[in-house]
Amino acid sequence: MKQLHYVCQEQELRPGDRRIIRVGKKSIGVFNIHGKYYALLNVCPHQFAPLCQGTLGGYCPPSDVGEFRLEREGEIIRCPWHGWEFDVKTGRSIFNPHQVKTARYPIHVGSNDEANEAGSPEVETFPVELKDRSIFVEL
């Protein structure tokens, strides 16, 4: 049975930010890319580096000689060890998207009460007033 695991309050993860959490033995990077949330396994498939600790940026697509343009700024994570690039939205590599990828996980945004109603026993709630919503990763 899949469960929801608390990441942080929504206002704590602004566009361009990331948060790395541990769920059991897994390290997971949660990103806010242009106001939407994405979660990736924090492991580069090349040599098991902490992928989500790398630099966020864009990439230069194929182009004519002497032409350089940067696209998808803030959507591409670059492995801190060897520079392999991955699309944060899909987990797929830039250089071989059909064969090289890292795992990604669904993200849910809502109240702690909604998480408990979804059947996640790990999210404990207390009678407090919350004005903002929480971010959860589903595993």
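Give the stretch 6-37 a look and list any residue that's of a type in the set (D, E) and farther than 19 Å from G58 by Cα, or say none. Within the stretch 6-37, E10, E12 meet the criteria. Among the residues of the stretch 4-17, those that are part of a strand (DSSP E or B) and closer than 17 Å to P106 by Cβ comprise L4, H5, Y6, V7, C8. On the stretch given as the stretch 30-59, residues that are among the small types (G, A, S), in a strand (DSSP E or B) and surrounded by 15 or more Cβ atoms within 10 Å (Cβ to Cβ) total 1. Residues considered: P61, P50. Of these, the only one that is closer than 24 Å to L139 by Cβ and out of contact with any helix residue (DSSP H, G or I) (no Cβ under 6 Å at 6 or more places or on another chain) is P50. Listed by first and then second residue, the pairs with beta-carbon distance under 9 Å, at least 6 apart or on different chains, first residue in the stretch 85-102 and farther than 19 Å from Y37 by Cα, second assigned to a loop (DSSP other than H, G, I, E, B) and at pLDDT 95 or above, are P97/T90. A single entry from C52, C44, C60 fulfils the requirement of being more than 14 Å from the chain's Cα centre (by Cα) and without any contact (Cβ under 8 Å) to a residue 60 or more places away in the chain: C60.
Here's the yes/no breakdown for (1) in contact with a Gly (Cβ under 6 Å, 6 or more places away or on another chain); (2) surrounded by 16 or more Cβ atoms within 10 Å (Cβ to Cβ); (3) at pLDDT below 85; (4) part of a strand (DSSP E or B):
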| residue | (1), (2), (3), (4) |
| --- | --- |
| F68 | no, no, no, no |
| E114 | no, yes, yes, no |
| E124 | no, no, yes, no |
| P127 | no, no, yes, no |
| L130 | no, no, yes, no |
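The values are calculated or read from the model by the stated rules, or taken from the named source; none is laboratory data. Treat the numbers as computed from the prediction; the structure is a model and nothing was measured. Note that each Cβ is placed from the backbone with ideal geometry, even for glycine, and that neighbours are counted across all protein chains shown.
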